[in-house]
Amino acid sequence: MDYLPLFADLHHRPVLVVGAGEVAARKVSLLLDAGAEVAVVAQRLGKEIAQRLDEGQIRWLAVEFEAEQLDDVFLVIAATDDALLNARVFQAANQRRRLVNVVDDPNRCSFIFPSIIDRSPLVVAVSSGGKAPVLARLLREKLEALLPESLGLCADIAGRWRDRVKKRLSSVSERRRFWERLFNGRFTSLVEAHRLEEAEAELADTLAGHVSSGGEVTLVGAGPGDAGLLTLNGLRAIQQADVVLYDSLVTEDILNLIRRDAERISVGKRAGAHSVAQEETNRLLVELAKKGKRVVRLKGGDPFIFGRGGEELETLVEAGIPYRVVPGVTAAAGAAAYAGIPLTHREHAQSVTLITGHAQAGAQGLDWGQLAQGKQTLAVYMGTLKAGDIQKRLIENGREPSTPVAVIGRGTRADQQVLSGSLGDLEMLAKRAPTPALLVIGEVAALHAKLGWFGERSAGEDIQRPALAAVGSK
C-alpha cells in the first residue's frame, strides 16, 4: 500500500493554494466544501477564484510565494504551470513537515486527492496512488451509479440514533446485526423516498422489536483462487462475519476481503502438512455459533464438491445450529476455463466426471473400466500424489497412453501454470506442477494449446507431442 487512506478534518484549518487557474479552482472548491480556511498565492486570479474572493470565501495572501507563508498552514497545494515554482513549494513544505500536493506530479506529493463519491456524511474515496488516475475516475463513476444519493440521509439518521441503540443493545455483535437488519430493510426505501418521519418510526420499531439471537454458520465457497470469482453473496457473508474459519486453499486476496475486525482461524488441510482435524473444525463451528457468533466456514472451490461441506452441515443439524450455504465456483470449472479447456465439447467429450485423488486408486466405488472410456473428461481433484496410480489404472483399463492430459497448477491465480502432455506422462507432469493442481484427462485437454488465454504461455507446452497437436487442431 503506497498511501495510507485518511480522512482529514479541515474545518477552520488554514490551507495554502499556490496558483489560481482552473486546476487550482477545482482544489479550492474541494477545500471549501471540507470547511478549510483557504488562502491563495498567485500573480493573477482566474475567473472562478476571483469570484470566490469577491464573495469573501478565500483570502488573496500574496502575488509571490515565500517559504514563510507555510509556517502557519495545515497543508499546501501547488497548482501552477511553473515547474520550478512547484518544486520550491514542495521543498519548503518538506522542510517544515507540512503535507503538500503538487498537482499532476506524484513524486512531489506527501498526500494525494482521491476520486470522491460524496454522500455526506458517507464519503467513498478511490485512489490509484497517482499511477492511473483515469482508472480511478472510471471506478468512481461506476460506484456513483451504484450508491444512491439517499445514503447520506441514512447515515445522518443513524448517527442521531447511535447512542440510543448503544444503550438498548450492549453487545457489539448485536448492534452490528441490528444496523445490518435496518439498512437491508424498509428503512432505506423510506429514506430514498424522503419519507423521513416514517423512516425514523421504522427505526424505532425495529429497535423495540430487536431481540438477542443466537449464532449461525454460513458455508461459503471461495472459488479456485481468483478473488474475482467469489460470488456477491459470498462477499457479503465474509464482510458480515464475526469469525471466519478458512482453508489453506483460500488465497490471500480473498482473505483480504474479510471484514477487518473479524476473527480469522486457519483450519487448512494440505497433504503431507500439519492440519486441523475435521472433528476439531466441526467442534469449533458449533462452539462459536453457540456463543452467538456469526460464523463463516470459507472453503476453496465449492463446499459441496470434495469440500466436506455435507459432513459439517450434518454436525450443525445435530447441534441445532442454523446454517446456510453459498456455493462457489468449483476448481474444475474455474481452473479449466482459465486454461482454455472446455470440460465438454461436441467433438471430444459428451460428459465430465469429477473424482478425488485422495481416495485409494483401488478403492471401492471407482469403476475404472467406465472411467477409462473415451469421449469423456475426467477432472481429478487433489490428484498429484496419486497421479501414478491413476495413470496406471486408466491405461490398464483401456485408455490410450496418448490420451491428452493437462495438469493445471494454481489455476486462476496470477502464477497459474498448465503442463500439457499425454496420459503416459501424467505422473511426471504432476510432479512438476505447482500445487494446488487439477488433473484434466481426455481429448479436450489438447484444446489448451489452441484456446488458452490466461497468464503466461504454459510451462509444459514444450513436451507436447505431434499427435496431441493434431488433436487440438480439429
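Assorted remarks:
- Helix-only CD estimate at 222 nm, as mean residue ellipticity for the chain, using -39500 (n - 2.57) per DSSP H run (n ≥ 4): -10500 deg cm²/dmol
- Partners for K290 among aspartates and glutamates (Cα-Cα distance below 12 Å; same-chain residues under 8 apart left out): E216
- Full extension of the chain between W368 and F454 gives 27.7 nm of extra length, using 0.36 nm per residue less the Cα-Cα distance.
- Within the straight-line cut-off of under 17 Å between alpha carbons, the aspartates and glutamates reachable from K131 are D2, D104, D105, sequence neighbours fewer than 8 places apart in one chain being disregarded.
- Our coupling estimate for segment 373-382, obtained by passing each phi through the Karplus curve with A = 6.51, B = -1.76, C = 1.60 and θ = phi - 60°, is 5, x, 6, 8, 10, 10, 10, 10, 8, 6 Hz, Gly and Pro reported as x.
- Overall dimensions of the chain, expressed as equivalent-ellipsoid semi-axes from the Cα gyration tensor (√(5λ), whole Å, largest first), are 55, 33, 18.
- E202 sits among other residues whose Cβ lies under 13 Å from its own Cβ, and their net charge, with Lys and Arg +1 and Asp and Glu -1, is -2.
- For segment 118-225, the calculated P(r) over all alpha carbon pairs, in 5 Å bins from 0 to the bin holding the longest distance, is 2, 10, 17, 16, 14, 14, 14, 9, 4, 1 percent.
- For G234, neighbours were defined as the other residues whose beta-carbon sits under 12 Å from its Cβ, and their charges (Lys and Arg +1, Asp and Glu -1) total +3.
- Qualifying GluC sites (Glu not before Pro) in segment 62-107, where qualification requires a DSSP coil assignment and no more than 12 other C-beta atoms within 10 Å, comprise E64, E66.
- Cα long-axis angle, helix 151-168 against the chain (0 to 90 degrees, to the nearest 10): 80
- About its Cα centre, segment 40-89 has a charge dipole of approximately 180 debye under the convention of +1 per Lys or Arg Cβ and -1 per Asp or Glu Cβ, with nothing else charged.
- Per-pair calculated FRET efficiency, R0 = 51 Å: A155 and D105 via Cβ, rounded to 0.05: 0.90
- Here's the picture: charge each Lys and Arg Cβ at +1 and each Asp and Glu Cβ at -1 in the chain, and of P114, N101, L190 the one pushed furthest to the positive end of that dipole is L190.
- Amide H contacts of V276 (H built 1.01 Å from N, under 5 Å, at least 5 apart or other chain): G268
- Net charge dipole size for segment 79-173 [Lys, Arg +1 and Asp, Glu -1 on Cβ; Debye, nearest 20]: 720
- In the chain, the longest principal axis of the Cα atoms and the axis of helix 172-183 are about 80 degrees apart.
- With the charge dipole of the chain set up from +1 on Lys and Arg Cβ and -1 on Asp and Glu Cβ about the Cα centre, the Cα lying farthest toward the positive end among the listed residues L426, L143, P327 is that of L426.
- Calculated FRET value between R181 and L138, using beta carbons and R₀ = 35 Å, to 0.05: 0.55
- Segment A125-L84, extension gain: residue separation times 0.36 nm, minus the distance between their alpha carbons: 11.7 nm
- Here, segment 286-412 yields an orientationally averaged convex hull projection of 9.7 nm² when only Cα atoms define the hull.
- Candidate lysines for bridging to K47, where Cα separation is under 27 Å - those fewer than 8 sequence places away on the same chain excluded: K27
- Calculated FRET value between S402 and S248, using beta carbons and R₀ = 35 Å, to 0.05: 0.50
- Segment K166-W60, length gained on full extension (0.36 nm per residue, minus Cα span): 33.5 nm
- Alpha-carbon centroid distance for the pair segment 212-243 / segment 153-195, whole angstrom: 22
- Principal-axis tilt of helix 309-319 within the chain, Cα atoms, nearest 10 degrees: 80
- Between segment 31-59 and segment 133-150, the Cα center-to-center distance that results, in Å: 28
None of the figures in this text is laboratory data; all of them are computed from the coordinates on show. Computed from a prediction, not measured in an experiment: that's the story for all the values here. All Cβ positions, glycine included, derive from the backbone under ideal geometry; neighbour counts span all protein chains shown.
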